[in-house]
Structures are given as C-alpha cells and as structure tokens.
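Data block below; observations after.
The values are calculated or read from the model by the stated rules, or taken from the named source; none is laboratory data. Just so it is clear, the model here is predicted, and its values are computed rather than measured. Here Cβ is always computed from backbone atoms with ideal geometry, including for glycine, and neighbour counts include all displayed protein chains. The area values use the complete protein model at the heavy-atom level, side chains included, leaving out ligands, DNA and RNA. Shrake-Rupley method; radii C 1.70, N 1.55, O 1.52, S 1.80 Å.
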Amino acid sequence: MIFFEKTREIYLAGGCFWGTEHYFKQIEGVVETEVGFANGNTENPTYKEVYTDTTGYAETVHVKYHPDVVSLEFLLQMFFKAIDPTSLNKQGHDEGTRYRTGIYYTDPEDLPVIEKVFAEEQKNHQQPLAQEFLYRRRVSSGLSRQEPHRLLSPTPVTLRVCKKSEREEVKLNSSISQKRIRGLSLFGGTLFLLYVRILILSFVICHFYQGCGNDRLPAFLCVHV
C-alpha cells in the first residue's frame, strides 16, 4: 500500500473556470478541483453579479493535489501552457476582469516555486506576464509593492463556489437578449427594404402615367428623385 503525504492546495485563475478545471482534472496527482470566484470585494456574489465585472472577483479553480505524485512546479508549468500569459483580462473569446489570470497561494513556502516558474516563463515572452500573485495574509514589508506582476492582498484567499446552473442561467438570459436585438434589427431591415421597394414602384408608376399623358395620377404617387 502506498501512503501519500497530505494534500496541498493552490488556487489558479485561468480564464473560464470550467475549461481550467477540466484541464487540471486530467493531471495525475490532482485529487480534487472546485470552481468559484476568488479575491473580490463583495460577500457571496452570484455569477450574475460577477458577470458585470463590478465585484472584483476572478473565475478561479481550487486545486488539491498529492505532492508525492505531482509537484507544484509541474502544475504551474501546465498552467502557463493552458493560457495566454501576456493577455490582460482576456482568455480566448472570454473578456473581462473576471477572466484575468492569477496564482493564489495559501502557503508562503509556495512563493519561491511560483517565482521560479514565473521567471522561466517570462523568458519566453517579450511582453510582461499578466498574472497576479496573491497570498492569504498581509505580506512582509520586505517584498516590493512596485513589482507589476505581484498584487499583494491583505485579506484571505476566499473561494465562493459557483454552481454550473448559475452560469447557464446568465448565458441563457444573455442569449435571449441577443436574439431580441437581432430580431429587432431584422425587423427594422425588413421595413427599410419594404420602404425602398414602395419608393421604386411609385417612381415607375408615376413616370409610366406621365409618359402616357395621364394627368390624373394621385399626387402622393409622384415621387421626385
């Protein structure tokens, strides 16, 4: 029987949390994942509220793993392969502050590993990486607050768990609104085409009657172009 060291955890924001969660579930050594929202400024937000990009929350995956099977360094290397690390507040077609990328840790011993992987990844890009580092407690004064890639948090890393039904409800409402807009646009376009056809028909009829010497044509049909 194999006995593993107790599990460790890391919070990873990589854009859409459903895709990020599915990605990490495939990695051997990952024993549990959970999606939610992290590091916002309101309590218990709904997905609908987070969707407005006014709560400060990021879509995040809580990853628990066995360090004897998979290392944090490997997980972070896989994390960078799954995202566009230089994209700010956007991953693929998903855009907004809720889709920003970040690495949120709960053990200060993880920071050297995070910084090592971050530095290695930065060598592959001319642009600065857009990830944020957050720790659950106020950091020591020895860490520079001027470093653009590290946003320091005085509050605990919290994860408000999100149910899939919440996101589906918001997307459904958004889809209905878009369909209504498309329907109104189509209706307006149809009316415009009908108006143009009436003008053309009136113009033809007017000139036909005038060409035949008929001066009894109703005045409203004589369109001056």
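Keeping all protein chains in place and using 1.4 angstrom, which order do Ile10, Ile83 fall into by accessible surface area, from largest down?
Highest to lowest solvent-accessible surface, that is Ile83, Ile10.
Pairs Lys64/Lys116; Lys25/Lys81; Lys6/Lys123; Lys6/Lys48; Lys48/Lys90; Lys25/Lys123: which are spaced more than 25 Å apart, C-alpha to C-alpha?
Result: Lys6/Lys123; Lys6/Lys48; Lys25/Lys123 exceed 25 Å.
Would you please name the chymotrypsin sites (Phe, Trp or Tyr not before Pro) within region 1-102 that are DSSP coil residues with at most 13 other C-beta atoms within 10 Å of their C-beta?
Phe3, Phe4
Obtain the nm distance between the two label points defined at Leu88 and Thr190 by a simple spin-label model: each point lies 7 Å from its Cα along the Cα-to-C-beta direction.
4.5
Within region 8-49, which GluC sites (Glu not before Pro) sit in a loop by DSSP and count at most 12 neighbouring Cβ atoms inside 10 Å?
Numbers: sites: Glu9, Glu21, Glu28, Glu32, Glu34, Glu43, Glu49; in loops: Glu28, Glu43.
Hits after loop and neighbour filter: Glu28, Glu43.
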